[in-house]
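Report on one structure; see the data block that follows.
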Amino acid sequence: MVTTCILSTGNIMTAGAEVIRRPTVGGSNTELVNSLREKFKAVSSADEPAPIENGNGNGAHAHAQRRKVEEWTSVGEDGIMYIPAAANNEPEVLVEDREEYDVTVKLFYLPHSPAASRPQHTQDAIRLVTTALGIPTITLLIISFPHITFDADDDEHSPPADILSWAHTYRSVEALHAAGTIARIGLAEFGTSRLEQFLPHTTVRPSVDQINVRDCCVVPRPLILYAKQNGIELLTHNDCADVLPAETLKSLLEEFGVVGAEKEVRPLWVVKYTAVIRSRGVVENKGYILMTEIDD
């Protein structure tokens, strides 16, 4: 039996500076893991530390004890397990009018995510983000496919099967754009060659290409020219190539008693969302939501 789980951090801007860190090179995203850990600590801690006997009949107090997993997680009518429970992770809706914000969402499809399931995963991810922020629309959705990295030499040639798989997923994003849920669409790690192969399969062309230039420091000139010719804005990032390895997530869930060592954990997708007050350039709300499968 497989249990599907939704994990969420809530607004990490109100969680304290200790959860905000730069991503580690070649490892999991430190900010994501730290923010999940701090959220789990907050909702799993018992109100009062448990008393312990000190040998002479007087009760000393231990450090704060954890509540049972069932007390800070929940299972919905659809069978999905929410970590933490919805009651412990109330939406933190945006304060200003919607038009005051730029809301950017980056959706990472992880290696365990079946290509055929990604259209549904896309809808689920956007629905969860808009619910968390209390808004109907996203300014920009950037989608990041697994197993691809930006090639500074600009010679990445993707197999036709990959192109068709990406196009299948992209059509679900175009549907969200047509419905008015997403204003702009972006891709991640697409160099000139990859864009040339992919764009003929699109109806709504991406307006953004986000690339990691950590290894090459500068954006290749051919990509700059190609993007300009096709009306694509180039953005950079420093996200990890594998934003959440399965072993990292399993270790975190074991730490809080959600799974045992014998369980298999398969993270499927992660979304990072950021709501910025446009007039002031201030980040009001930032968080992560992810879906994973756990083998029972």
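The values are calculated or read from the model by the stated rules, or taken from the named source; none is laboratory data. As the structure is a computational prediction, the values presented were derived from the model and not from experiment. Cβ atoms come from the backbone with ideal geometry, glycine included; neighbour counts cover every protein chain shown.
Overview of values
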read-out	value
Some residue of the stretch 281-292 being of a type in the set (Val, Ile, Thr), touching a strand residue (DSSP E or B) at 6+ places or on another chain (Cβ under 6 Å) and surrounded by 19 or more Cβ atoms within 10 Å (Cβ to Cβ)	yes
Unique match (being in contact with a Ser or Thr (Cβ under 7 Å, 6 or more places away or on another chain) and of a type in the set (Lys, Arg)) among ARG278, ARG194	ARG194
Top-ranked residue in the stretch 116-130 [being within 23 Å of ASN11 (Cβ to Cβ) and among the hydroxyl-bearing types (Ser, Thr, Tyr); ranked as surrounded by the most Cβ atoms within 10 Å (Cβ to Cβ)]	THR122
Close pairs (9 angstrom Cβ cut-off, 6 or more residues apart or separate chains): more than 18 Å from PRO220 (Cβ to Cβ) in the stretch 230-241, surrounded by 15 or more Cβ atoms within 10 Å (Cβ to Cβ) and of a type in the set (Gly, Ala, Ser) anywhere	GLY231/SER207; ASP239/SER144; ASP239/ALA188; CYS240/SER28
Residues located in the stretch 161-185, provided they are within 17 Å of SER207 (Cβ to Cβ) and either in contact with a strand residue (DSSP E or B) (Cβ under 7 Å, 6 or more places away or on another chain) or polar (S, T, N, Q) (or both)	VAL173, LEU176, HIS177, THR181, ILE182, ALA183, ARG184, ILE185
Candidate set from the stretch 246-258 (those that are buried (at least 20 other Cβ atoms within 10 Å of the Cβ) and touching a strand residue (DSSP E or B) at 6+ places or on another chain (Cβ under 6 Å)); member that is farthest from LEU7 (Cα to Cα)	LYS250
Some residue of the stretch 113-129 being in contact with a Lys or Arg (Cβ under 6 Å, 6 or more places away or on another chain) and either of a type in the set (Val, Ile, Thr) or modelled with pLDDT of 95 or more (or both)	no
Complete set of residues in the stretch 255-274 that are under 13 Å from GLU293 (Cα atoms) and of a type outside the set (Lys, Arg)	VAL258, VAL259, GLU264, VAL265, PRO267, LEU268, TRP269, VAL270
